[in-house]
1. What is the order of B:113, A:565, fewest Cβ neighbours within 10 Å to most?
2. Using just the helices of chain B, give the 222 nm mean residue ellipticity in deg cm²/dmol: DSSP H runs with n ≥ 4 each add -39,500 (n - 2.57), and the total is spread over all residues, rounded to 500.
3. So what's the net charge close to residue A:448: Lys and Arg +1, Asp and Glu -1, counting the other residues with Cβ under 11 Å from its Cβ?
4. Can you give the relative contact order of chain A as a percent, counting alpha carbon pairs under 8 Å and 6+ residues apart?
5. Summing Lys, Arg as +1 and Asp, Glu as -1, what charge do residues with Cβ under 15 Å from the Cβ of residue A:54 carry, residue A:54 excluded?
6. Dividing the Cα radius of gyration by the Kirkwood radius, what Rg/Rh value follows for segment A:491-571?
7. For peptide A:305-316, what's the mean number of Cβ atoms from other chains within 10 Å of each residue's Cβ?
8. Could you name the aspartates and glutamates whose alpha carbon sits less than 16 Å from that of residue A:20, not counting residues in the same chain fewer than 8 places away?
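Laboratory data are not the source of any read-out in this text; all were calculated from the coordinates shown. No experiment lies behind these values; they were computed from the predicted model shown. All Cβ positions, even for glycine, are placed from backbone atoms using ideal geometry, and neighbour counts span all protein chains on display.
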Amino acid sequence: MKQNTDNNNEKFTGAEIFVKCLEAEGIELVFGYPGGAVLHIYDELHKQNEVSHILVRHEQGAVHAAEGFAKSSDKPGVVLVTSGPGATNSITGIADAYMDSVPIVIFTGQVRTALIGNDAFQEVDTVGITRPCVKHNFMITDVKDMASTIKKAFYVATTGRPGPVVVDIPKDITEDKCEFNYPDSVEMRSYNPIIEISDDSIKQATEKILSCDKPVIYAGGGVINSNASEELTKFAKYLNFPVTNTLMGLGCFPGDDPQFIQMLGMHGSYEANMAMHDCDLLIAVGARFDDRITGRLDKFSPNATVIHIDVDPSSISKNIKAHIPIHGDVKAAVNKLSEEIISKNLKPKNIDRWWGQINEWRKKDSFKYNQDSDIIKPQFVVDSLYKVTKGDAFITSDVGQHQMWAAQLYKFNKPKRWINSGGLGTMGFGLPSAMGTQFANTDSLVCCITGEASIQMCIQELSTCLQYGLPIKIINLNNRYMGMVRQWQEFFYEKRYAMSYMDALPDFVKLAESFGHVGIKVEKSSDVESALEDAINMKNRLVFLDFITDQNENVFPMIATGAAHNKMILS
Amino acid sequence: MRHIISVLLENESGALSRVAGLFSARSFNIESLSVAPSEDLTASRMTIVTSGNDAVIEQIVKQLDKLVDVIEVSEITSSDHIEREIVFVKIKDSDTENENLKSLKTNEFLKIHKAENGHAIIECVDSPENVNEFINTVKDIAIKIIRSGAVGIGS
């Protein structure tokens, strides 16, 4: 590890070094919550102006905010919490970031090294508890390791397949003193994220791409993480291949492009799932074939040759055997394929017949709904939001039916505009991640599409929003049910709605007002657009729009767990 | 199918639990695991005996390689290699004249140690097949069996 030796032997406390490291790393924002084990650090943060600290109301909110910040920008998110409950409250967020490959660094306080293992007050084995849900974690046991460990933490979190890294810091380490040298670079013999892409695999893939009859490009969150949207779009446009996106990939290819066949998977479009089933060449780009995508594995794309591009080799051939694995960074791999094909002006076969078939499937219009009365259809709210915002807002969401409708109907034309919890499916993600998104994009419109169940899981963050003047628009699709749970109970449990009814809901208008925000209740479909416009026009206020929606609406299409792609329930 | 996976990993605190945790979290089998310092004092060598079909073994190797502390992973059973295991078997001293043992006594890999309280300890260092055979032979007279798990090296 190279060190910047430009120093004058002055000694600093661990807490001072901590803040200097964040500065050196270019970190401007930290989301956190103070407590005993991190008080030295908070004292140092208080003394300076380079690094701002955002006080959340619950540590889970801090991590989701950091995720929203990272997902909607090119910078890592940073979290600072105390030991014990501070660390355990952050676990859900850390697991969420792990599942969705979000580059964040979480600093957790720890009891003094002499007390570790003694069941001290607010002690928990943070390194042990977080181990299965982090990309890596560290405990600093000597102040001399503070700077190099922090450098490594950011390096590991942001390179390769990104992910959360936890750094556990005992309190005495923040008092101890040493010189400060922030390393310029990191070398770790056990971790090398730079991957040489095999020419052989590129050659094999090129041959298949130029000779296939029924191709599909299946693009996921890896395209966004690799900043490869532009390259992928150019590549797909040149080939005139249909493109489908995973939930995490939305926005990596323009949502209103005619080549876009919509999202695939459990609630994906008819055309996307049928194309996946019938294709003869499947080009998976930065996607991991999770069970919500594949459905029944042995019936998945039965006739396809699979090309799989991924930076994480363990994602390749984990669920679906890749015939042509391309291990490497998505951007580099797509560039290599483009050099082989576009630069040499090679043309794929004519696939007009395949497009004819896809356009037939498209006629099913599988995301359609009927807004035919005063009762507000939840899909209509998303559609109206798309219309009113001209598709240009940052949209965060919680988890459930509203999330699927947002994914289906808001057409994302740019990457990093759609911020949601895909892998872990964390209710409570929407509001705090909207805060992080707003901090990363201060002048942009940020909307949180949520439901009355999800929003209550991190509702306390409304207080954070007031403190920092975050003008988020909360779109609450209030159907008085945990909608997705109710939908499964309707389909698979003979309508026994066990515990999915949201009885005793708060008055969300008064609730928003009590937090110092604007609350608007909308009950008629004819009022939806104007309410959205009014809310967006209140540029400096958080507006909580409580849309009272149809209770019986379900998300279609739907592939039941364990069913094949061509066995969709359409309505 | 049985496989031996050899892992070189940073000698950091918690490195062992990262590997052990990975196996339990992903429901991989683990038959035996041994860990000790390597030729490099800052790294440990771990030998894991596991079983699974080719796809499972491929995943195990990839997942191990993904751990940030892991420097090198190799599956050694698919090519030429040597493997050994050590086993101690405590028996009654009087059983050292057991018929089954007599036939083994000429085995150069076998030693018999005197122990306290009228016991004897047989030490056997051999290939896993021979160790298994040895254990089968002595299982009826064994009071305690302690196995090290296999270690191996590609040749």
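1. B:113, A:565
2. Rounded to the nearest 500, the figure is -8000 deg cm²/dmol.
3. Working: positive: A:473; negative: A:398, A:461.
After counting each charged neighbour, the total is -1.
4. This gives 14 percent for chain A.
5. -3
6. 1.12
7. Values: counts 0, 0, 0, 0, 0, 0, 0, 2, 6, 10, 2, 2.
The per-residue average across the peptide is 2.
8. Partners found: A:6, A:10, A:28, A:43, A:44, A:50, A:145, A:175, A:176, A:179, A:184.
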